Each structure stands twice: as C-alpha cells, then as structure tokens.
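Worksheet for the structure shown next.
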C-alpha cells in the first residue's frame, strides 16, 4: 500500500539498526572473545577454564541463543509499533 | 545379556519407534510430502531441526576432531551454532514471508528468471551431495561397529537402510520421527558424558566438569590435559590454533554462513505457521542443538584424556608419572576389549614399529629428541577420529547399556540427517528442476517417482565416494558448508537486502563463488573428490596456498568473491524491474504472510 511508503522506510531503518546492533554483539563474543582476543583472555581463568577457551567452546553458544530470543522480542516490538505484525 | 545382544535390542527398539511414527504419520500428497502442511509448533520444529541438523558429523565425528585439535576444534562449535543467529535475523523470517517452499523457487521469483533457479538447484545439489558423502562416512563407522563388520560393508548396509528410510515417509513422517530421534540422540550423547564427567571430576554436568578440577586433586582438568598431551609431543590443548588465527577465523565464518545457506535447514523454516514463529524457531532449534554442542567439548577433552590414560596407565592419576620411562605403556596383548572390537572395523590399527610389544601413541612429528632417545620408532596406534564418540563409553569402561545407547544415538543422527538431505535433493530435482523447468506437465505421481529415483542415485554416488572420503565426516561436511556459503547464502542475502540486485548479478555471483571454491577444494581433494585427480601442482604444489587457508574453510572466501562479482556485474547490466523491487519491499514486512502455498 502506497500510504505506507514513508512508514515502511522508517520501519526498515529501525529493523536494520536492530540487526546491526545484534550483529556487533554476535561478532564481539564469537570472533572477538573466542578467536581474536582469545590468546589474551586465556591469561584469565574462570574456574578451570582459560577465559578465551571458555568463550570459544562454551560462552559464545549461550550468547547466540540469548541473542536470537532477544532479537525476536525486540523486532516483535518494532512490528507492533509500525503496525506491520501478523494478525 | 552380552554387549552385542543388548546393542541389537536398544537399536531395534529405537528403530521400531521411528518406523511406527513414520507409518502413523505417513504422507499423502506432494505438498505434505515436502512441507508437512505448514503446521508444526516452533518447539517441536526446533527439536526436529536439531535432529536434522545434528548429523553423523556433529554426533559421531565432531568431538573426535575437537579432541584432536583442542582449541582449534572451536571452528566446528562456533561455526555450526553461530549461523543460527544469521538465519534467524537475516533469512528465515523473510523467506517465510515470501511463501515459497524451496530455495530455488525463491531465486526464480526474486531474480525473475528460471536461469537463476537452475543455478540455485545446481549449487544446492553440489553442496547437499558433498554433505551426504560425509554422512555416509559416519554411517559406515556406526554400522561397522554396530554389526562388527568392516567399514566398507558398514557403508553398503547403511546405504540400503538410509534409502528405505528416506523413501518411506515424507517430511511429515520425518518431522515427528525426528522429534523422537532427537530425544534418542541427545540422551545417547549426554548420558555417557555425565558418567565420564562424574568419574573424572566429580561434577555430573559435563559443561561444568570441563572447567573443574580432577577428582581428588586441585589440578584443573584442562591444565592436566594440556600437560598430558604436551608430554606426548602434541600441541597444547587449550591454545592450539587451527593452522593460524586467520584460518580459524575464516573457517568459523565459512561454517556459519554455510549454516544459513544450507537448503535442508532453511526448508525447516518454511514449515512454521507465521513469520514470528520463523524467528523464534531458529532460537528453539539452537537451544536443542546447543545441549549437544556445549557437551561436545567436554566429551572431546575427557575422551582424549581417557585414551591417553588407557595407553599410558598412570599418566592422569600419578603426578610424577614419567611417560618416557621404560614399561609405562600398556602391552599390546593385554589391550582392553574395546580396542579389539574396533580393530575388526579397520578404523583402529596397531603396528609395533619398535618391536617392544607395547603401544606408543604420541605425536611422531614432534621435534622433541626424547622420543627417539627412548627408542620410540613412530606412532604405533592409529585411531580414526570418527570413532572417538562411539568408542568413548567403551574407553571409559561404562556399563553396556550406555554403550548400546550410544550406538543407537549414532545411527539416529546419521540416518535422520541423511534422510533430511535426501529430501532436499529429491525436491530440488523433481520439483525445481523437472516440474518447473523440464517437464511442466508431469503428474504428481511422476514427480514423486522422480524424487525417489534421484534419492537412490544420490545415495549410490555418496556411498561410493564415502568409501574413500575426502576427510573425516566432519571435515567433509565442512566442505559442503563452504560450498553452500559461497553460492546460496550471498544470493539469498542480496535477494532480501538489496532492492537493486538483478538476475545477471546474482547468477554471475553464484557461479563465481561456487566456482572458485570448487577449484580450491578440488585442487586439494581431487576433482569431485575422486582420489588421484588432485591438481595442486598447478598452483605451485603447496597445500593451503591461499594465505594458509585450508580448503575446508575456503567457502568464506568464495562468498566474498560472490558478493564482489555480483555487485560488479549488476552495475554493468540492466537494472532490476520495478515490480521486483516492490516485491522485495513487501517481503520485508511480516504483515500479510500467508500459509505456504502447498499447490506450488
């Protein structure tokens, strides 16, 4: 519907901003803490885990799950705000 | 009851369960065959996706490879889970809104040409077939141990069973069957892990046990393991990069975007009722997958520890143990029963290189002179890494019912994914290729028949190549992911996020992406993985010649090429038609989503 043109631009912009923010966290936790900074983080221990190793083989996966549900919730709110959610 | 009888009983019972469910939910028309009528609850869909996802590569092979590479095995863990975040945010909801139920039909419509769909089908077939080769490798391992036959015989028997299994029901049968399979395989994976974690650390939760101290000491399990493997000449477990940091990075990326580009996974998200459900379904799938994936590093570390402790008794308990002292290795003739059982399959071999009758299992590429000084003449125990998970409960001397359960889980994992993939292949050939392109008038019956014939052919090809696999099961599967990453993922992304991407750009991108990836992989592994046809010589003969990136990881580079070529070609060719841009606009909002059009 053409009356939605302005709204749909704003809606899409907000969606993209959300996706970008989630991707930043996603990247920092997996590629950042799990790979790029892993050697540095390994000097810290959590229990018997070197921290970089923990992020790589445990932590990143828990964070991935959290990210998907947080994203699903937030984008649901955006859908409602712009009234584009399903009936 | 003996181990063998018990294994037959447990495997038999689980199979009776799957077949019972398949008969109960037997599919009727073609639309039900493929997409289960679009009405599966997100949690159930998540479990089924989990079973579909966690194949022989995840269940049988992955922990063994993590055990081998230590920290380097991270690529599989992050790579095969992180992609779900991409899937949930970037693809699943939009593809669900689009309302087509295969990836190629999305390409045909979005890129307004049958050519784009055909290229999509070809890429999909190449990736899926490679994937099945990996599965057949795993099926071979599982069946050879289960039946006590050679690996090759195991593969032949597995081929027959996979075929009957996949032809029997459609997705609907498979969806409910896969929920049952998920339950079996997750029990089979976690129960032995709990036992072993409890034995080694006193903590029953493997995820915590891996970070705990060895039972009765104040030495952390991981630092003990670091010490054990370095004593034997291997690289330090917790810090050993796979190749280089760059390679680890690219490998992980390749698996992640491959996850988001693999058709049999994406297909799952066409079967949920709404766009909203498509988003959360990916989350549920990941919850069920992560139960196995966070257990796997514990299984890997603990199985590696137990294996070294079997060969070098005392290396774990005794703080002052000298691995080099004469007589510290076990005598071959006194080896435990599980080694004998695996020797039958040919996947575990002992060669007494220095003739002392004892087993020296160490890294013979190590530069450390202490090994030669002690008269060690090379590694004498070759353990195929694909057997580690199945052998794990035997190595740890767990009760027979646990070993039987793991065999059932391994078979469930291998069969469920092979069936899901075969379905993706048969729908690609019968629906996307034959019905939409070659013979539009084909009857529904003819379409189903074509689907079954293509399943049979793919099993034969995969079985043949599975006899001489390009890599361990998980490695072969990683190549399949690379192929999907380099072709399908970028085309999907650009189809949704770029309103201006046109058909010429998309087609050129896919061809360039998968082309360059296949070139790199085949140079290392042989043309279509046929041994002896490697052509690394053309590139100077050095393996991993492109910045040290191994072929299994090259998909991410292929994806970059795909994007670059696509945008370059797009700028040189006719712009996308107005109605297509409008269509993309429409896909971006959830409102007005319809049930998947079952009548094609």
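Data table
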read-out	value
Among (1) more than 18 Å from residue B:110 (Cα to Cα); (2) at pLDDT 85 or above; (3) surrounded by 13 or more Cβ atoms within 10 Å (Cβ to Cβ) - the single one residue B:591 does not satisfy	(2)
Test: residue A:35 is in a helix (DSSP H, G or I), facing chain B (nearest Cβ under 9 Å) and under 24 Å from residue B:46 (Cα atoms)	no
Among the candidates B:543, B:593, B:487, residue that is in contact (Cβ under 8 Å) with a residue 12 or more places away in the chain and assigned to a helix (DSSP H, G or I)	B:487
Tally, over segment B:204-213, of residues that are within 12 Å of another protein chain (Cβ to nearest Cβ), part of a loop (DSSP other than H, G, I, E, B) and surrounded by fewer than 19 Cβ atoms within 10 Å (Cβ to Cβ)	1
Residue tally, condition within 9 Å of another protein chain (Cβ to nearest Cβ) and either at positive phi or surrounded by fewer than 15 Cβ atoms within 10 Å (Cβ to Cβ) (or both), over segment A:74-85	1
Residue within segment B:322-334 that is buried (at least 18 other Cβ atoms within 10 Å of the Cβ), without any contact (Cβ under 8 Å) to a residue 24 or more places away in the chain and farther than 30 Å from residue B:179 by Cα present	yes
Matching option when the condition is within 11 Å of chain A (Cβ to nearest Cβ), closer than 26 Å to residue B:240 by Cα, crowded, with 17+ Cβ neighbours inside 10 Å and touching a helix residue (DSSP H, G or I) at 6+ places or on another chain (Cβ under 7 Å), among B:200, B:221	B:221
Condition check for residue B:553: within 14 Å of chain A (Cβ to nearest Cβ), buried (at least 22 other Cβ atoms within 10 Å of the Cβ) and in contact with a helix residue (DSSP H, G or I) (Cβ under 6 Å, 6 or more places away or on another chain)	yes
Of the criteria (1) surrounded by fewer than 22 Cβ atoms within 10 Å (Cβ to Cβ); (2) not in a helix (DSSP H, G or I), which one residue B:501 fails	(1)
Scan of segment B:291-325 for residues that are away from chain A (no Cβ under 14 Å) and touching a helix residue (DSSP H, G or I) at 6+ places or on another chain (Cβ under 7 Å), ordered by number	B:303, B:306, B:307, B:308, B:310, B:315, B:316, B:323, B:324
Residues that are more than 12 Å from residue B:111 (Cα to Cα) and surrounded by 11 or more Cβ atoms within 10 Å (Cβ to Cβ), drawn from segment B:572-581	B:573
Filter pass, residue B:549 being assigned to a loop (DSSP other than H, G, I, E, B) and farther than 28 Å from residue A:11 by Cα	yes
Index of the failed condition, residue B:486 passing every other in (1) closer than 19 Å to residue B:265 by Cβ; (2) over 27 Å from the mean Cα position of the chain (by Cα)	(2)
Among the residues listed as B:256, B:267, the single one being at pLDDT 85 or above, within 30 Å of residue B:175 (Cβ to Cβ) and touching a helix residue (DSSP H, G or I) at 6+ places or on another chain (Cβ under 9 Å)	B:256
Segments classed as helices (runs of 4 or more DSSP H), wholly inside segment B:359-461, with at least 2 members that are at pLDDT 85 or above and buried (at least 16 other Cβ atoms within 10 Å of the Cβ)	B:388-395, B:400-427
Only one of B:274, B:294 that is closer than 30 Å to residue A:72 by Cβ and at pLDDT below 90	B:274
Members of segment B:55-75 found to be closer than 22 Å to residue B:421 by Cβ and at the interface with chain A (Cβ under 10 Å from one of its Cβ atoms), listed by number	B:75
Filter pass, residue B:152 being surrounded by 20 or more Cβ atoms within 10 Å (Cβ to Cβ), in a helix (DSSP H, G or I) and modelled with pLDDT under 90	no
Verdict on residue B:581 being assigned to a helix (DSSP H, G or I) and more than 30 Å from residue A:80 (Cβ to Cβ)	no
Residue within segment A:40-49 that is touching a residue at least 12 places away in the same chain (Cβ under 8 Å), more than 7 Å from chain B (Cβ to nearest Cβ) and either part of a strand (DSSP E or B) or more than 19 Å from the chain's Cα centre (by Cα) (or both) present	yes
Those residues of segment B:241-290 which are farther than 20 Å from residue B:555 by Cβ, within 10 Å of chain A (Cβ to nearest Cβ) and assigned to a loop (DSSP other than H, G, I, E, B), in sequence order	B:273, B:274
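Matching residues to (1) in contact with a strand residue (DSSP E or B) (Cβ under 8 Å, 6 or more places away or on another chain); (2) assigned to a helix (DSSP H, G or I); (3) modelled with pLDDT under 95; (4) more than 7 Å from every other protein chain (Cβ to nearest Cβ):
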| position | (1), (2), (3), (4) |
| --- | --- |
| A:19 | no, yes, no, no |
| A:25 | no, yes, no, yes |
| A:29 | no, yes, yes, yes |
| A:52 | no, yes, yes, yes |
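The values are calculated or read from the model by the stated rules, or taken from the named source; none is laboratory data. It should be emphasised that the depicted structure is a prediction, and the values quoted were computed from it without experimental measurement. Cβ: placed from backbone, ideal geometry, glycine included. Neighbour counts: every protein chain shown.
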